[in-house]
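All remarks here apply to the structure that follows.
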There are 2 protein chains.
Amino acid sequence: MSETIPEHDAARQKRTYTLLRRLVRKDSRAGVWRLLSGVRAEDTAEAMEHLTWSEQRSLWSTLGDTDYAADVLGFLSERTTRMLAEEMNEEDLVEIIDRMEPDDATDVVASLPLTLRERVLDELRDDESSEVVRSLLNWPADTAGGLMSPRAFVVPQQTTCGQAISRLQQHHSELESIYYVYVVDAERRILGVCSLRSLLTRPAKTPLTSLMSRDLIRVPPTEDQEEVARLVARYDLLALPVVDAEGRLLGVVTVDDVVDVIRDEADEDMLLMAGVGGVDASSVFTQSWHRGGWLLATLAGGILAAEIIGVYEDTLKTVAVLAGFIPVIMGMGGNVGIQSATLAVRGLALGRVQLGGPGRFMAREAQVGVLLGGLYASLLGCYALIRFPGEPLIAASISSSIFLAICAATVLGSAIPMVLDRGGADPAIATGPFVTTLVDLIGIVIYFNVARTLLGL
Amino acid sequence: MSETIPEHDAARQKRTYTLLRRLVRKDSRAGVWRLLSGVRAEDTAEAMEHLTWSEQRSLWSTLGDTDYAADVLGFLSERTTRMLAEEMNEEDLVEIIDRMEPDDATDVVASLPLTLRERVLDELRDDESSEVVRSLLNWPADTAGGLMSPRAFVVPQQTTCGQAISRLQQHHSELESIYYVYVVDAERRILGVCSLRSLLTRPAKTPLTSLMSRDLIRVPPTEDQEEVARLVARYDLLALPVVDAEGRLLGVVTVDDVVDVIRDEADEDMLLMAGVGGVDASSVFTQSWHRGGWLLATLAGGILAAEIIGVYEDTLKTVAVLAGFIPVIMGMGGNVGIQSATLAVRGLALGRVQLGGPGRFMAREAQVGVLLGGLYASLLGCYALIRFPGEPLIAASISSSIFLAICAATVLGSAIPMVLDRGGADPAIATGPFVTTLVDLIGIVIYFNVARTLLGL
C-alpha cells in the first residue's frame, strides 16, 4: 500500500470493499484480519457502512475489542455506531470505549440509550476519562463544546521553551494532536499561544511569554459549529481554543474536525434546499416519508393552483390558448426564484450578505429581476406574436406576465431566506419546494389577471 | 482586540468595514493605518471586497507596497486582485509580489494579462522565486499542482532527530507552514514522513528512518482539487505531498488551502445546481446575462410545453378542468426530480454513490418513486373525487398521471447526474433548470395521454 499513488484511490476502496464483503460472507476471520492489516480504519469504516446489517455484525465480532475496532468505531456513522453498540455485550463495549480518545468516546456514549449510557460511564476503567466524557456530554454535538477535545497542551506562564519541550516529551502520548502550546495563568485562563514550531526555533531559556501571540481567537463552548468552521477557515487555524465565561480553557477544536463540519454543513444546506435534509442514511420507507412530507407544500400549492385556475375557467374556455403558457410562466418564475434564494442562502452562510446588508443584496436581485424579466418578456412576446399572428393582446398578456412574475420571483426568492435568518431559522429550508410553490402561485394569479384585463374578459 | 471573544465577530467585522469606509472616504491615511494596525489582513481583505472600486483604489494607494498590503493581496478575490494589479505601477507590483509566499504570488501573477505577467516575472528580485512561480504557473489552479506550496521541509535519509531540529531552526523563516518532515533519497523521492511532534519526543540521535511512517498518501500534480480535499478530509491530514511520476517531491498542499477548497467546491456545486454558477462577484448586468443564459433551457422547455398543450387543445376545450392540474403534475414531478438529482450529485461528490454502485442508488430511488407516487396519487385522487364528484375518470387520470410522473422523476433525476459523471462532466449542472424542465415536459405528455385514453377523447 505504501507504494500506491492514490490516483486510483476510489478503485482501491471499491476493491477493498468487495474483498472484505466476500471474506465476511465466507466467515473467514483470518482472511479479514490479513486484509485489514493493510487498510486504514477510515476505509474499513466506510466499507462497513455499505455492508448489510448481518455482515456488519459478523465483521464487528471479528474485530472484537481491539484497538483497530476502537479506531473504526470513531469513523462510523452515528446510526451504525448505535446499532453496533446496542448489539455488543457491555464488557466489550466498555473495553472499546476505554481505548478511544475522549471526544470520540463521547460521540459513541452520546449515541447510546440513556440507561445504557449511565451504566457504561460507571464502568469505564479510568475515572478521570469517565468524568471528561460526562462533562463533554453537556454540550450539543453541533457546538464548539460538542466538537472540542478536552486535552490541550497547557503550560504555566513562567515556562521556558526548553521546559515546554520536555513537558511535551513526557505527556505526548495523552495529547491527541498538538499544534499549539497554550500559556495559562493559575486559574487556567489563556494568556497567549505559541506554535510548536516557534518553540523549536528559539533558545531553550526563552520564556514563552516573550514569544507567544496574545491576539488569540477563541470561542465559548456554546458557539455554533458553523461559526467555528468559519473562524478556522478564515484565519487558517489548526486549532481553536474553547473558553468559559471567565476565559478558562475548556478544550480545543482541531482543524480535522472542522474539515468534517464544513463538508457536512454544506452538504446539509444543499440537501435541505431540495427538501431531502437528513434522509440519506435511512431506509427507503423512512426516506420516502420524509421527502413526502416536504412535498406536501408542493401538493398544497398545486391544489391551490388548480383552484385558482378553476376561478378563471371561463377565461380559459374563451381563450384556450392561455392554458399552454401556464407552464412557462411557472417554470421561469420558479427557477428564477430558486436562483435568488440559492444566492441568498449561500451569501448568508458564507457571511457575504451580512457585510453589505440584506437591503443591498435584495436591491441587486431586484435589478437582476428587471433585466431578466425584460429579456424574457421580449423573447416570449416575440414567440407569441409569431405563433398567434392576429392576437397582439395575447402576446402582450404573456409578455407582461412573465416580466412581473420574474421580478416577483427575485424579490421573494431573496427576501424569504433573509426573513428566516432574522427569525433564527435555517435559511436553507426556504428554497426548493417552498419558494417554487409560492412563486408559482403568484405567477398564475399575475398571469390570469393581466390576461383578463388586457383581453377585456 | 485580544480580549474579544468572537461571539460578536460578525458585528466587529461590520464595524470595521463601516469605519474603514468612512476613513477612506475622508481620505484619512493616518486614520486608516491606525485602524488597520488592529485588524487582521483577512478581515481587511473582506471589508475591501465590499468597497466601491474608487474606494478600493484609494485604500490600496494608502497601503502601498508594505508587507501588510502583500498579506491583504493574498486574501483578495481573483477579480479584485487583477483590477488592483493592473492599476498599480509595475515597480510597486513587483515589490509586493516579492514579499509574498510563492503559492500566493503565483495566484497574483496568474491573474495578470500575459504580457504584464512576463514582465513582472522578469523583474522579480529573487531569480529563484521567479523560477518557482514560473513552474507553479504550469498547473491549473484547481489541481494539486495549482494548490501546492513548493516549499516543503525535506531532509536526507541519514538525518537524525537532532539534526532535523537544528535544520529547522536555520530555515524556519522560509517555510510557510511546517507540519511534517519528509525524508527523501538523493533523487528527492519520498521515503517517509515524520510529524514535527515525533521529532521532539525522541532522543536527538534517533535516525528519522526509524520513526518515519512509510505508509504515505501522495498525489500527482494533476490530481483534481476535489480529490485532494477528499483525501485530506478523510485521513485527517495537515499536509499532502505532491509527487511527480518518479515519486519526487514537488511540493505540499496544506490543510488551510484544502479548507478553502472544500468551502468553494460545495458552494460552487450548490450555485451550479441552481444555474447561478460563477455569477456571485460580477456586476448586475453580467450576472443577469449568465443567469439568463441558464434559463434559456427553461424557456425552451416552456415553449415546448405550450406547443404540447396546444396539441391537446381540443381535449382542453372539452374538459377545461384538466388545465387546472397542469401545475400540480409539473410541480410534483419537478420537485421530486430535484430531490433525486440533489442526492445523486452529493452522493457522487462525497463518494457515497461510487462504493455501492450507481445501479443500487437508482434502484433505491425508483423504490422511493413508487412509494411517493403511490402516496400522492392517493391524496390527489381523493381530492379530485371530492372536488368533481360525478367524474371518477378525471380523478383516475390525475391520480395515475401523478404516479407515473413521480416515478419518471426519480429515475431521470438520479440517472442524469450519473450519466454526466460517467461522461466526465460536473454532475451538478444537471440539476436546477435542466432536470425540472425535462421532468415537466415528460409529466405533461404523460398527463394528457393518460387523460385522453381514460376519458376516451
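Among the lysines of the protein assembly as shown, pairs at least eight places apart or on separate chains and with Cα atoms under 27 Å apart come to 4. Based on the Kirkwood approach, the hydrodynamic radius assigned to the protein assembly as shown is 30.4 Å, with every pair of different Cα atoms included. In segment A:57-132, a dipole from Cβ-located charges (positive for Lys and Arg, negative for Asp and Glu) runs towards its positive end, and of A:Val109, A:Met83, A:Gly64 it is A:Met83 whose Cα lies farthest in that direction. The angle between the Cα long axis of helix A:53-63 and the longest principal axis of the Cα atoms of chain A comes to about 20 degrees, rounded to the nearest 10. Once the C-beta distance of B:Phe285 and B:Trp53 is scaled by a Förster radius of 25 Å, the resulting FRET efficiency is 0.95 to the nearest 0.05. In nanometers and ordered shortest first, the copy-to-copy spacing of the B:Pro113 label point, defined 7 Å from Cα toward Cβ, is 7.3.
Only Lys, Arg, Asp and Glu carry charge here, each on its Cβ (+1 for the first two, -1 for the last two); on that basis segment B:149-304 has a dipole of about 820 debye about its Cα centre. When only alpha carbons are used to place a centre, segment A:196-259 and segment A:99-178 end up 17 Å from one another.
Return the loop-located chymotrypsin sites (Phe, Trp or Tyr not before Pro) in segment B:166-241 (DSSP other than H, G, I, E, B) with at most 16 other Cβ atoms within 10 Å of their own Cβ; answer none if there are none. Those satisfying the criteria are B:Tyr235.
Under Stokes-Einstein, with the Kirkwood radius over Cα pairs as Rh, the value for segment A:352-400 at 4 °C and 1.567 mPa s is 104 µm²/s. Per-residue extension of 0.36 nm, minus the Cα-Cα distance of B:Arg248 and B:Glu128, leaves a gain of 41.3 nm for this segment. Shape summary of segment B:1-114, radius of gyration then Dmax from alpha carbon positions: 14.0, 46 Å.
Legend: translational diffusion of segment B:154-254 by Stokes-Einstein, Rh = Kirkwood radius over C-alpha pairs, 10 °C, 1.306 mPa s; D = 113 µm²/s. Across the identical copies, the label point of B:Gly38 (7 Å from Cα in the Cβ direction) is separated from its matches by 6.0 nm, in order from shortest. Sequence-distant contacts, meaning Cα pairs under 8 Å at least 6 residues apart, place the relative contact order of chain B at 10 percent. Averaging Cα coordinates gives a centre for segment A:271-340 and one for segment B:336-389; these two points are 15 Å apart. Between B:Leu304 and A:Glu391, the FRET efficiency estimated from the beta carbon spacing at R0 = 35 angstrom works out to 0.95. With semi-axes defined as the square roots of five times the eigenvalues of the C-alpha gyration tensor, the equivalent ellipsoid of segment B:284-455 measures 31, 21, 11 Å, largest first.
Does anyone have the angle between helix A:114-123 and the longest principal axis of chain A? Alpha-carbon axes, 0 to 90°, nearest 10? Result, in degrees: 20. Take B:Val419, move 7 Å from Cα toward the beta carbon, and the resulting point lies 3.9 nm from the same point in each other copy, nearest first. In chain A, excluding the sites themselves, the longest stretch lacking any of the trypsin sites (Lys or Arg not before Pro) that are in a DSSP loop with at most 15 other Cβ atoms within 10 Å is A:215-457.
With respect to chain A, whose longest principal axis is taken over its alpha-carbon atoms, helix A:392-422 is tilted by about 20°.
The calculated FRET efficiency for the pair A:Glu118 and A:Ala141, based on their C-beta separation and a Förster distance of 22 Å, comes to about 0.70.
For the pair B:Asp67 and B:Glu86, label points projected 7 Å from Cα toward Cβ lie 3.2 nm apart.
Where chain A is carried onto chain B by rotation, the Cβ closest to that axis, with its residue and distance in Å, is A:Ala266, 2.
Once both labels are positioned 7 Å from their Cα atoms along Cα-to-Cβ, the gap between A:Arg79 and A:Gln170 label points is 4.8 nm.
Read the figures in this text as sums done on the coordinates, not as results from a lab. Predicted model only: the values in this text are computed from it and were never measured. Positions of Cβ are backbone-derived with ideal geometry, glycine not excepted, and every protein chain shown enters the neighbour counts.
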